[in-house]
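In what follows, a structure is listed as structure tokens, so that the remarks can point back to it.
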Amino acid sequence: VVKFRRTGESSRSDEDGISGEHEVQIEGVRSELEPVELGDGAAVPKEFANPTDDTFMVEDAVEAIGFGKFQWKLSVITGLAWANAMEMMILSILAPQLHCEWRLPSWQVALLTSVVFVGMMSSSTLWGNISDQYGRKTGLKISVLWTLYYGILSGFAPIYSWILVLRGLVGFGIGGVPQSVTLYAEFLPMKARAKCILLIEVFWALGTVFEVLLAVVVMPTLGWRWLLILSALPLLLFAGLCFWLPESARYDVLSGNQEKALATLKRIAMENGAPMPLGKLVISRQEDRGKMRDLFTPAFRWTTLLLWFIWFSNAFSYYGLVLLTTELFQAGDVCSISSRRQEVKAKCSLTCEYLTEEDYTDLLWTTLSEFPGVLVTLWIIDRIGRKKTMALSFLVFSFCSLLLFLCVGRNVLTVLLFIARAFISGGFQAAYVYTPEVYPTATRALGLGTCSGMARVGALITPFIAQVMLESSVYLTLVVYSGCCLLAALASCFLPIETKGRGLQESSHKEWGQEMVGRGSHSPGESQE
């Protein structure tokens, strides 16, 4: 006789018939069975992952409690951190203004953008390591406060060298903000995880739109210094609300803080009005968290290498398209761009052009194209899976890039650029869903941090293609972007693990059945015997 309770049930009555417990009589088998120990690393069958008599895991609790009031609050607060897109968008507004006001040559203007990406690239892995070693909340709070402090301070920079250093330090802080996705994902039930991570990505698009609108109001009256100060507003709100954030229960379990993890789960259950699972919370303590070698174990080696290339390609293509959009819009089409580049060459590098109202309008429309990308990704990611979503996004971008070879008119050019940007931003968002899901809790923050660092390498290289190579051959430039995305689509297909319908793995040493296979596939009325 095997006696167990259906996974996810969290209430018990004195009578077995009411409690939801079931007995299964196995005929033809002797009634007294000896206990069998699973070998090291063997998966626990999901039917018996949460027995009635003793234990449950964080994954069980998160699934049983479900999505509710707590997760809605968490969405808003982590979204405020994610709205740091304003600190990125400001680069396209700040550069021409300083070019005119301080009479900077073109290479110094370009360096203002590059130094931010250098800061992000150099810090992403560090922030991931801090988040795995000392907690997700700790890493996120320090990185946001760092970005906030130096972002406001850069508004008081007296000379070019000061603002260059301060914006580099801002970039160093921004490198840790993606850890908000790690913290957020670890509190989400499996069915809601992809949709919710994609929805907080909306805060990125909202941040860029808000930055353009803020610039329209502030720049003509108060100037760029006040724009830098006011752009830190979402991070200031986050700093005021971050005291509410709990530490990840998954991290607490892995670091041995069972009582703290249990208190966090009870708090979530109370806020959501849901009961806690019965039994004792299992801890799977692991001291060696956040180690780079764990990303290259046999189970994750290919995943890590392929993800690094996918993230590199995402940023390389995304920021490349942003740079190309300006050139193509000003030229009218691909066929006219070569003659325009030669006209620009004849100009002095100190030629000054302030942003006009039309420029701000173009920036706004280009930014709005990211919202369709979110909606498309939201619709397909749980239908066809994470890997196929990323592959499809890269393929559509590559196809649109090749269509730019045609001498199309302004309207068709706009449509192609918008479709390309929508899908490449959608691919970026799908990578943000997949990466926290595929790595175990012990290395999740580090895995996301290293991937984010590789993305910044792509962002650093892309100006040499989108601007320097463009002067030689616009067609070769488009072939480079299209070819890179075709390879990234193949890399997405070759990823060893599809995370759709799977729970989050905890330890990098053991693989639990209930950690890797979710119970979302069972309908509420379906028996699990």
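Data for the structure
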{"item": "Some residue of the range 150-157 being free of Cβ contacts under 8 Å to residues at least 12 places away in the same chain and surrounded by fewer than 24 Cβ atoms within 10 Å (Cβ to Cβ)", "result": "yes"}
{"item": "Test: residue in the range 301-322 that is surrounded by fewer than 15 Cβ atoms within 10 Å (Cβ to Cβ), outside the structural domain of residue 364 (by the TED database) and at pLDDT 80 or above", "result": "no"}
{"item": "Matching residues, the range 52-87, being open to solvent by 20 Å² or more (accessible area, probe 1.4 Å) and within 21 Å of residue 148 (Cα to Cα)", "result": "76, 80"}
{"item": "Residue check for residue 114: more than 30 Å from residue 252 (Cβ to Cβ), open to solvent by 10 Å² or more (accessible area, probe 1.4 Å) and assigned to a helix (DSSP H, G or I)", "result": "yes"}
{"item": "Answer residue from the range 181-227, given it is of a type in the set (Gly, Ala, Ser) and within 30 Å of residue 250 (Cβ to Cβ) and is modelled with the lowest pLDDT among those", "result": "205"}
{"item": "Residue match in the range 292-299 (condition: modelled with pLDDT under 80 and either open to solvent by 10 Å² or more (accessible area, probe 1.4 Å) or touching a Cys at 6+ places or on another chain (Cβ under 6 Å) (or both))", "result": "yes"}
{"item": "Criterion violated by residue 239 - all others in (1) touching a residue at least 40 places away in the same chain (Cβ under 8 Å); (2) over 28 Å from residue 100 (Cβ atoms); (3) open to solvent by 50 Å² or more (accessible area, probe 1.4 Å); (4) in a helix (DSSP H, G or I) satisfied", "result": "(3)"}
{"item": "Unique residue being in the same structural domain as residue 66 (by the TED database), assigned to a loop (DSSP other than H, G, I, E, B) and buried (at least 24 other Cβ atoms within 10 Å of the Cβ) when the list is 171, 176", "result": "176"}
{"item": "Residue 195 assigned to a helix (DSSP H, G or I), closer than 30 Å to residue 363 by Cβ, in the same structural domain as residue 66 (by the TED database) and among the basic types (Lys, Arg)", "result": "yes"}
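The values are calculated or read from the model by the stated rules, or taken from the named source; none is laboratory data. All values reported here derive from a predicted model rather than from experimental measurement. Every residue, glycine among them, receives a Cβ derived from its backbone with ideal geometry; neighbour counts consider all protein chains shown. All accessible areas refer to the heavy atoms of the entire protein, side chains included, with ligands and DNA or RNA removed. Shrake-Rupley method; radii C 1.70, N 1.55, O 1.52, S 1.80 Å.
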